[in-house]
Structures are given as C-alpha cells and as structure tokens.
Amino acid sequence: MQPTSAAAGPVPFKDIAAVAVARRPVAEEYGDVVAALPSRLYPPQQRWREYQRRFEPRAGDVLLASLPKCGTTWLKALAFATAARGVYPPAAAGGDGRHPLLRLNPHECVPFLEGIYLDEEEAKLDAAPTPRLMSTHASYPNLPASITEDDRCKIIYICRQPKDMAISLWHFMNCSKAKTSSLSDDQWESITMSLSDVWESIREGAYLGGPIWEHILGYWNTSKAKPDKVLFLKYEEVLRDPTKNIEKITEFIGQPFSDAEKEAGIVESIIELCSFEKMKASGANSTGSLHMMANEYPHESFFRKGVIGDWVNHVTPEMADSLDKFLSAKFYGSGFTFAE
Ligand code: PAP
C-alpha cells in the first residue's frame, strides 16, 4: 500500500525514494576546507555537531527520544500506527491487511536522526511529507538547537527501569553478535561488553557515553516545564495500560481519537498491531536486517522478551539493590521515579 502523492505523512522512511542530490557540505561556511580533509580527521562526532546546527524542523514533526533498550522500537510502532492512521488505517478502521508495520520493521518506518546524518540520508528526510516522525538516542542538550529552542517539533520520551534496560542491552550486544555480518570478529570483540560491564557503565555515567540520570532528567524536567513540548512515558506503564498511553500520544500530537474511531475499536487494533507477540512473529521482523550507521542489525534482535522485571533472572538482589540506591540518590529531589 503506497501513499498517494497528496498523502500527508508520516510515511515509512524506507518507502521514500532515495533522492539523488549532491552531498551537502558538512559545514556550509567551511565546506571547501572540510572537503579537503581526510575523513579520519572529520569523525562522526563532528559531523553530528554540523547536523545539530543545520537541522530544520517543520511544524508537526515529532521526535521519539529514549536511551537504548527502553522501548524505542515499540514506541516507533505505536506512534507510527497512530499518527499515520489516516493514510494507513489499522484493521478496525478499514485497513486492508497491508499495513506498513506488517512488512517493515518499526525502525524502517521511523528513522534515527543520528543514522540519517551519518548515512547521508538527509535528502530523504527532506523529501518526507509533513508531519514527520523521527527518533534519537541523543540527550536533550545534545539535540539540534532548532528542536529545543522553538515549538515546531514535539518530543515523546520513553524511559525504562534501568535494570531491565541493562539486561536488554547486554543480550542485544551478545545475541546480535553472531548474526551481524558487517563487523569482523575483532571489531565485535572491541565493542561487546560483559553483563557486569554494562551494569557498571550505568554507575560510571558511561551508558551510551553519558550519565543516564542526566539523559532522563533533561527530558523529565522539560516535560514538567513544557508539557506541550515533551510527553514523558514509562515502558512499564505503557505495557500495563496501553490504551491510556496511546490516547496520551494522540492528544499530545493533536490527533485525538474521535468517538467513532473508539467505537470501531481502533485503539485495540493499534495495540494488537504493535503488540510484542504480533511484531516478533511477523515475517517483517523475524527475517532481514536493518542497515544503520555502517552496521547490520537483524530485525529479530529488537524483539527478545518484552516483559517487566527480567533482571531477576540475571543479577543478584544485592546488585539490584545497590544500583537502585545509587540511582535514587541521583534522582533525589527531581520528582522522578522509575516505574517498577
Ligand atoms: P533500541 O534502543 O535498540 O531501539 P529498544 O526498542 O529501545 O531498542 O528496546 C528493545 C526492548 O524493547 C527489548 O526488551 P527486552 O530485551 O527486555 O525483551 C524488546 O523485547 C522490547 N520490545 C520490542 N518491541 C516491543 C513491543 N512491541 N512491546 C513490548 N516490548 C517490546
């Protein structure tokens, strides 16, 4: 089911035809100088900074933000299914069984900003119809200033209990290893981590290269100060009450369900379409891989257990208690608590 040219977004990012445009200079004002530099002198970090300066939001854009392994894939599916329901109706709204989420992995529907820039897909993002859905693992202060300093782009953040987040990352890094083809064994060896490495990286403020409490509080504090700018969700709450949280998403993005949609069962239809069981079993996710930032990630690696509290099967109560105490001190006074 392809959108018509008049259709509004969001559309699956993968469906947007690659747009042939010359690569933009990474720094408009220093373009010639930078182009002359060997690429090893112009690393991804620098390129991300250039992108931060240049990204141009549009009214209606929605950015999905999270730390890795906190429910990004699921949020992408839920946000895409709800925001695009006019173009791609789920089953209860007259869908014909060819919804994009039945043939594509959610990451192929909603791209990472980091990947767009590093994979040089900006022209594709420019070609996407409005409104666009995008995602990021970047912290709030690391977002492009054009996102944080004006109100065109809204943000939906999802956080997760860090003990489950850490277990999920550890499995992801080790399970994806055998199936990922683009990296050599030595390259994998250099980036894989033991469970205790992942656990300690949280305390050391090095999960995704920074303190998770700063990542979470950046979005949490903004959601409190500007509730129209940032919607803050918790993985565990979405799992326990998907209806309430999907309704929050639709209201936040300005597309509340009509009574007729509710009566037709559209909310239940979206919950089912995006459920862990349905997505994991789908051919779109049990085969194939996602090419992103020079790596291949098997689609199936984004769907492991999808439950709350799997950490009990991996770490001792003492390890858990110690991390809980460490983190509750970091969040003391903020009003933020993790959902159990
Ligand atoms: P990412 O940061 O690499 O995109 P992300 O999607 O945030 O990963 O997290 C993956 C976790 O979400 C996995 O958790 P687990 O390892 O504890 O099982 C994955 O199973 C879970 N997940 C993926 N899709 C769903 C879903 N539809 N419902 C609930 N949980 C899901």
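General remarks:
- One residue stands out in segment 64-100 among those that are farther than 24 Å from I308 by Cα and hydrophobic (A, V, I, L, M, F, W, C): the one that is farthest from the ligand (Cβ to nearest atom), namely V87.
- Among residues that are at negative phi and touching a strand residue (DSSP E or B) at 6+ places or on another chain (Cβ under 7 Å), E122 is not included.
- Within segment 43-63, considering residues that are aromatic (F, W, Y) and part of a helix (DSSP H, G or I), the one farthest from the ligand (Cβ to nearest atom): Y51
- Residue pairs whose Cβ atoms lie under 9 Å apart, separated by 6 or more positions or on different chains, with the first residue in segment 48-72 and farther than 24 Å from P129 by Cα and the second of a type in the set (D, E), are K69/D164; C70/D164.
- Count of segment 259-317 residues which are away from the ligand (no atom under 14 Å from the Cβ), β-branched (V, I, T) and out of contact with any helix residue (DSSP H, G or I) (no Cβ under 6 Å at 6 or more places or on another chain): 2
- Considering residues of segment 209-244 that are of a type in the set (S, T, N, Q) and touching a strand residue (DSSP E or B) at 6+ places or on another chain (Cβ under 6 Å) only, the residue surrounded by the fewest Cβ atoms within 10 Å (Cβ to Cβ): T222
- Cβ-Cβ under 7 Å pairs, at least 6 apart or on other chains, segment 244-262 side under 19 Å from G9 (Cα atoms), far side small (G, A, S) and surrounded by 17 or more Cβ atoms within 10 Å (Cβ to Cβ): I249/A79; I253/A83; Q255/A83
- Selection of first residues in segment 226-241 that are under 14 Å from D150 (Cα atoms) and of second residues that are within 13 Å of the ligand (Cβ to nearest atom) and among the hydroxyl-bearing types (S, T, Y), restricted to Cβ pairs under 8 Å at least 6 apart or on distinct chains, gives the following pairs, ordered by first then second residue: V230/Y157.
Where a number appears in this text, it was derived from the coordinates with a stated rule and is not lab data. What you are looking at is a predicted structure, and each value in this text was computed from that prediction instead of being measured. Note that each Cβ is placed from the backbone with ideal geometry, even for glycine, and that neighbours are counted across all protein chains shown.
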